[in-house]
1. Out of the residues in segment 167-185 that are in a loop (DSSP other than H, G, I, E, B) and exposed (fewer than 11 other Cβ atoms within 10 Å of the Cβ), which is farthest from the chain's Cα centre (by Cα)?
2. Could you please give the count of residues in segment 161-207 that are more than 24 Å from residue 64 (Cα to Cα), at pLDDT below 80 and not aliphatic (A, V, I, L, M)?
3. Determine whether segment 319-331 contains at least one residue that is assigned to a helix (DSSP H, G or I), under 24 Å from the mean Cα position of the chain (by Cα) and touching a residue at least 60 places away in the same chain (Cβ under 8 Å).
4. For the list (1) surrounded by fewer than 21 Cβ atoms within 10 Å (Cβ to Cβ); (2) small (Gly, Ala, Ser); (3) under 18 Å from residue 199 (Cβ atoms), I need the number of the one condition that residue 380 fails.
5. Here are 87, 8: which of them is modelled with pLDDT of 90 or more and charged (D, E, K, R)?
6. Condition first: of a type in the set (Val, Ile, Thr) and over 14 Å from residue 53 (Cβ atoms). Now tell me which residues in segment 233-255 satisfy that.
7. Listed residues 99, 164, 106, 147; which is out of contact with any strand residue (DSSP E or B) (no Cβ under 9 Å at 6 or more places or on another chain), in contact (Cβ under 8 Å) with a residue 24 or more places away in the chain, more than 22 Å from residue 41 (Cβ to Cβ) and buried (at least 24 other Cβ atoms within 10 Å of the Cβ)?
Amino acid sequence: MSSGSANEPLPTLQRRLGLPLLVLYGTGITIGAGIYVLIGTVAGHAGVYAPWSFLIAAVVMAFTVASYAELSTRFPVSAGEAAYVKEAFHSRILSILTGLLTIGIGVISSAAVAIGSAGYIGQFIDWPGGLIVVFVVAMLSAVAAWGILESVLLASVFTLMEVGGLLIIILAGLRSDLQIAGAFIQPIPLDAQVLSGIAFASLLAFFAFIGFEDLVNVVEEVKVPHRDLPRAMALTLGVSAILYILVAAIAIIAVPPAELSLSPAPLSLVFNKVAGASPVLISTIAIVATLNTVLAQITMATRVIYGMAGQGDLPAILGKIDRRTKTPLIATGVIAVLVAGLALNVSLERLAESTSLGTLVVFALVNLSLLQLRYRNVPSKERHVSVPLWVPACGLVTSVAMLGTTLFG
């Protein structure tokens, strides 16, 4: 009996995800982390130019989306970013640092969105904010541990609800007397303070587009990676950008940016202004949206840990897959503790800024890795998409420029 157990193959991740679930998964992460939580903060810095901040962030993101599309199909493995860097530079240390940074981004962004979720939930239950955060993280970690298909199916249901919430706001804004076009046609003044505010708001808005890259870390659970993953990334960015820019325009026309920035539930306030109705519906959807993102980020971080443990870069026990759930339970528990600890001790804006900065560093490394692989003419055994060389070059330049603007501007 013991011999049979020893010879029994170790459990592995299962390929259960197709294009529809991938798009819903990616869009759900992105939207939940963005407009529902950060519209007030972005408006506080960019003022009436908030829609432009979202547009700038989307353009910066587009180049890197394309680079990820090629790399994720060249090397379809979990812990994708770490694998890309290792293949490009043959540096285990740089690969480990990239992987750890990716895990850190997942943890920090989960903590940020958990705080945003607690702000909306607090409108319905009279619990201390810290208790709400702990409950949210514990509940979603349990779902992540349950199974990848179950997690993504729940995330997909959440996604349909959160997109519906944004469409309700857009339709209400279009039916009102708001001069929405005014948010797009007024020129940006050549004023250092205004430009600085827009630049910093763009960094925060960049956080709102984080999500597509999580898709590469579930690649080992995708049925047809070379076909479905690039399409899912492109669709995720396109849908999110359109919704963000329209909602931001309606928000800053309907509510003074200063007032919007002070609200713990900014889109509920916007809905109340444009529809003259109770914000209960939008607040409920906002809760769903933020929960969706926390769930997806926890799932992503655990998959990176799993991938790094499989490569020998982290202790093997962290990559152990449970035979019943087919998920890395120990890694999930570690991530849950880290997320709750950060959310209880660091502010939302600080967490969002840190997530954006860390992500820009990873994006710069990813684009540089693709340039290096192209320079060395490294072949791939996998079927993969191929992008023009200027795409990763632009991705590298824009990522570094945004980092420089933030750190030294």
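The values are calculated or read from the model by the stated rules, or taken from the named source; none is laboratory data. Since this is a predicted model, take the numbers as computed values, not measurements. Counting neighbours? That spans all protein chains shown, and the Cβs are built from the backbone with ideal geometry, glycine included.
1. Step one: list which residues in segment 167-185 are in a loop (DSSP other than H, G, I, E, B), which gives 176-181.
Restricting the remaining residues to those that are exposed (fewer than 11 other Cβ atoms within 10 Å of the Cβ) gives 177, 179, 181.
On the way: 177: 34, 179: 31, 181: 29 Å.
Only one residue fits best here, namely 177.
2. Selection size over segment 161-207: 6.
3. Yes, there is a match, as at least one residue in segment 319-331 is assigned to a helix (DSSP H, G or I), under 24 Å from the mean Cα position of the chain (by Cα) and touching a residue at least 60 places away in the same chain (Cβ under 8 Å).
4. Condition (3) is where residue 380 drops out.
5. 87
6. 236, 239, 242, 250, 253, 255 - these are the residues of segment 233-255 that are of a type in the set (Val, Ile, Thr) and over 14 Å from residue 53 (Cβ atoms).
7. Being out of contact with any strand residue (DSSP E or B) (no Cβ under 9 Å at 6 or more places or on another chain), in contact (Cβ under 8 Å) with a residue 24 or more places away in the chain, more than 22 Å from residue 41 (Cβ to Cβ) and buried (at least 24 other Cβ atoms within 10 Å of the Cβ) holds for just one of 99, 164, 106, 147, which is 99.
Conditions tested, residue by residue: (1) over 21 Å from residue 82 (Cβ atoms); (2) of a type outside the set (Asp, Glu); (3) in contact with a Ser or Thr (Cβ under 9 Å, 6 or more places away or on another chain).
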{"position": "353", "(1), (2), (3)": "yes, no, yes"}
{"position": "357", "(1), (2), (3)": "no, yes, yes"}
{"position": "365", "(1), (2), (3)": "no, yes, yes"}
{"position": "372", "(1), (2), (3)": "no, yes, no"}
{"position": "375", "(1), (2), (3)": "no, yes, no"}
{"position": "383", "(1), (2), (3)": "yes, yes, yes"}
{"position": "390", "(1), (2), (3)": "yes, yes, no"}
